[in-house]
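Inspection log for the structure reproduced underneath, given as structure tokens.
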Amino acid sequence: MRIGVPLEPAQGQTLVAATPDTVAKLIKLGYDVSVEAGAGLMASYPDELYEAAGADIASTETVWAADIVTALDAPPASRLDLMQPGALLVARMAPGRNPNLVADLARRKVTALAMDAVPRISRAQSMDVLSSMANVAGYRAIIEAANAFGRLFTGQVTAAGKVPPATIYVIGAGVAGLAAIGTAQSMGAQVRATDLRPEVAEQVESMGAQFVAISAEAEKSDDGYAKEMTADQADAALRLYTQEVGNADIVVTTANIPGRTAPILVTAEAVARMKPGSVIVDMAAANGGNCELTVPGKRVVTDNGVVILGYTDLAGRLPAQSSQLYGQNIVNLFKLLTPNKGGEYVLDLDDEVVRGITVITKDGETLWPPPPIKVSAAPAPVQAQPDPEEQARVAAEAERRAAAKKRNRTIGLAVAAVLGVALVLATPPAMIPLYIVLALAIVVGFYVITAVTHSLHTPLMSETNAISGIILVGALLQVGSSHPVVSALAFVAILVASINIFGGFTVTHRMLGMFRKEGE
């Protein structure tokens, strides 16, 4: 079968549904690929690269007449007129919001797969275009915010004075929110984030941001999104949003559920509390926006100097990366549809992923909406309650071990003290200052080493090789001493320092080997 990759007809669309890299992968699955002339130019993919990947450059009519057409969004009627009955159209369609499109595709008997309807289950993540685009959009949201903010994100201490870091508040810690958090953190800002799902707090904090919990969280629904909140929950959330927004320099909102109008999270009152020069990036602008003052597709400046960015093409502002991710989502879908790699797709409606994205079948049957797929976290293991007698036995055993450890430590200290006194009495008076220096060195070394984080112990071992070398030289000079105690200590020093040196270099060599590529 032949796959057609068209030049997107929508005005201003910079993305393309396949890149030279993904074209080569589709060809490996057995498909022939035709790319419309100039389809990838806006994403920096000239026709020559597609030809080198094995595709042929074709006209608009040829591409749309292919057995399979992969596009970004549902095409207009003028392009659908060029498709053959029974052909397969793969694109973002928003079928829940476009019943007329669904009816038109059924009338034309065009098999339609909606890439924006991929179910939220683990094995479908590699095909989830919403997540792919949200990841890029979250990154770009921070870049746009930095451009509009006009100040540094990171704090600095300069000769001219101290510059505080920017404070960023992210509402929603899904794919887009986490991408925004990671980008803002890497630029040195102080980031706070809120999500209706308390289970994402660990993810937020693992990225270095502070999670701000809502006093009354919404429950998670079967489709993976948060359930609609009650009136009390919504009021509590809105109060928190208003407070946090007023204290932030930059606010990023990401509450965007497919097929629904975006909820208002940032009111005009909250915007009025923000400082002049603050920025709001509304990532839900395409569905109406999370900010009451957002104008989709526009940059708005309020009366109090707050900049509100309602851009609806954040992913499109990084077209090369976004096209590659979208194209890879398409490849992953065709890997599922082409189990035999023979260039013939199989529409297995018993597969929950295929069934979830199928809008129209080959004979014109409408299968939208699909049956619901439950998405739920694995239940936490039930902890068995221990028997009271078992609890008492475990407590007694722990107490016995603690007492034995304390006793052994006391005995060890006593023995060390006796040996120390004996050593001092058997040593010439001229050596006493050296023992004092040794004792101080041991104490200082102990506290210095224990203060170093574990992740730096291996590099620290390498640095101590130089110190061990000094000890080795000094011990070699003293091993021939006429005093038996000095000679014995020098021999022990030689043995320990040698072990430390050779062991340290061995560990360092192995550590560096972890970073070498094969063949180097």
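Screening region 192-211 for residues that are at pLDDT 95 or above and either basic (Lys, Arg) or touching a Ser or Thr at 6+ places or on another chain (Cβ under 8 Å) (or both) and picking the one that is farthest from residue 277 (Cα to Cα) gives 211. In summary, helices (runs of 4 or more DSSP H) completely within region 126-213 and bearing 2 or more residues that are in contact (Cβ under 8 Å) with a residue 40 or more places away in the chain and within 18 Å of residue 313 (Cβ to Cβ) occur at 129-149, 175-186. Selection of region 356-371 for residues being surrounded by 13 or more Cβ atoms within 10 Å (Cβ to Cβ) and over 23 Å from residue 2 (Cα atoms) yields 356, 366, 367, 368, 369, 370.
Of the residues making up region 30-37, one or more are within 18 Å of residue 336 (Cβ to Cβ), assigned to a loop (DSSP other than H, G, I, E, B) and out of contact with any strand residue (DSSP E or B) (no Cβ under 9 Å at 6 or more places or on another chain).
Restricting the first residue to region 334-355 and requiring it to be without any contact (Cβ under 8 Å) to a residue 60 or more places away in the chain, which pairs with a second residue that is of a type in the set (Lys, Arg) meet a Cβ separation below 8 Å and a spacing of at least six or different chains? Matching pairs, first to second residue: 349/355.
Within the set 436, 449, the sole residue that is touching a helix residue (DSSP H, G or I) at 6+ places or on another chain (Cβ under 9 Å) and at pLDDT below 80 turns out to be 449.
Filtered by the rule that a residue be under 35 Å from the mean Cα position of the chain (by Cα), among the aliphatic types (A, V, I, L, M) and not in a strand (DSSP E or B), region 75-96 gives 93, 94.
Would you be able to say whether some residue in region 97-116 is in contact with a helix residue (DSSP H, G or I) (Cβ under 8 Å, 6 or more places away or on another chain), modelled with pLDDT under 95 and in a loop (DSSP other than H, G, I, E, B)? No, region 97-116 contains no residue that is in contact with a helix residue (DSSP H, G or I) (Cβ under 8 Å, 6 or more places away or on another chain), modelled with pLDDT under 95 and in a loop (DSSP other than H, G, I, E, B).
Considering only region 238-305, give the strands (runs of 3 or more DSSP E) lying wholly within it that have at least 1 residues that are more than 22 Å from residue 173 (Cβ to Cβ), open to solvent by 60 Å² or more (accessible area, probe 1.4 Å) and without any contact (Cβ under 8 Å) to a residue 40 or more places away in the chain.
Once the strands (runs of 3 or more DSSP E) in region 238-305 are filtered for at least 1 residues that are more than 22 Å from residue 173 (Cβ to Cβ), open to solvent by 60 Å² or more (accessible area, probe 1.4 Å) and without any contact (Cβ under 8 Å) to a residue 40 or more places away in the chain, what remains is 299-301.
Per the listing 59, 44, 122, 34, the residue uniquely of a type in the set (S, T, N, Q) and at pLDDT below 95 is 122. All conditions but one from (1) assigned to a loop (DSSP other than H, G, I, E, B); (2) closer than 18 Å to residue 114 by Cβ; (3) open to solvent by less than 20 Å² (accessible area, probe 1.4 Å) apply to residue 329; the one that does not is (1). Selection over region 312-325 of residues that are surrounded by 21 or more Cβ atoms within 10 Å (Cβ to Cβ) and either under 16 Å from residue 266 (Cβ atoms) or without any contact (Cβ under 8 Å) to a residue 60 or more places away in the chain (or both) gives a count of 0. Contact map, region 365-382: residues that are closer than 24 Å to residue 94 by Cα and modelled with pLDDT of 75 or more paired with residues that are basic (Lys, Arg) and surrounded by 11 or more Cβ atoms within 10 Å (Cβ to Cβ), Cβ distance under 7 Å, separation 6+ or inter-chain. Pairs shown: 370/355.
Any residue in region 39-47 that is outside any helix (DSSP H, G or I), touching a Lys or Arg at 6+ places or on another chain (Cβ under 7 Å), surrounded by fewer than 19 Cβ atoms within 10 Å (Cβ to Cβ) and on the phi > 0 side of the Ramachandran plot? Among the residues of region 39-47, not one is outside any helix (DSSP H, G or I), touching a Lys or Arg at 6+ places or on another chain (Cβ under 7 Å), surrounded by fewer than 19 Cβ atoms within 10 Å (Cβ to Cβ) and on the phi > 0 side of the Ramachandran plot, which makes the answer no.
From the list 70, 62, the lone residue that is in contact (Cβ under 8 Å) with a residue 24 or more places away in the chain, in a strand (DSSP E or B) and touching a Gly at 6+ places or on another chain (Cβ under 8 Å) is 70. Among the residues of region 48-74, those identified as small (Gly, Ala, Ser), more than 30 Å from the chain's Cα centre (by Cα) and buried (at least 23 other Cβ atoms within 10 Å of the Cβ) are 55, 66.
Residue-by-condition table, conditions (1) touching a helix residue (DSSP H, G or I) at 6+ places or on another chain (Cβ under 7 Å); (2) more than 20 Å from residue 180 (Cβ to Cβ); (3) aromatic (Phe, Trp, Tyr); (4) modelled with pLDDT under 95:
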{"site": "268", "(1), (2), (3), (4)": "no, yes, no, no"}
{"site": "274", "(1), (2), (3), (4)": "yes, no, no, no"}
{"site": "281", "(1), (2), (3), (4)": "yes, no, no, no"}
{"site": "287", "(1), (2), (3), (4)": "no, no, no, yes"}
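For region 306-322, the set of residues classified as part of a loop (DSSP other than H, G, I, E, B) and within 18 Å of residue 139 (Cα to Cα) consists of 310, 311, 312, 313, 314, 318, listed by residue number. Checking each residue in region 154-174 for being modelled with pLDDT of 95 or more and either among the β-branched types (Val, Ile, Thr) or in contact with a His (Cβ under 6 Å, 6 or more places away or on another chain) (or both) picks out 167, 168, 170, 171. Residues in region 470-491 that are part of a helix (DSSP H, G or I) and of a type in the set (S, T, N, Q): 478, 487.
The values are calculated or read from the model by the stated rules, or taken from the named source; none is laboratory data. Computed from a predicted model, the values in this text were never measured in an experiment. Cβ atoms come from the backbone with ideal geometry, glycine included; neighbour counts cover every protein chain shown. Accessible surface areas use protein heavy atoms only, side chains included; no ligands, DNA or RNA. Shrake-Rupley method; radii C 1.70, N 1.55, O 1.52, S 1.80 Å.
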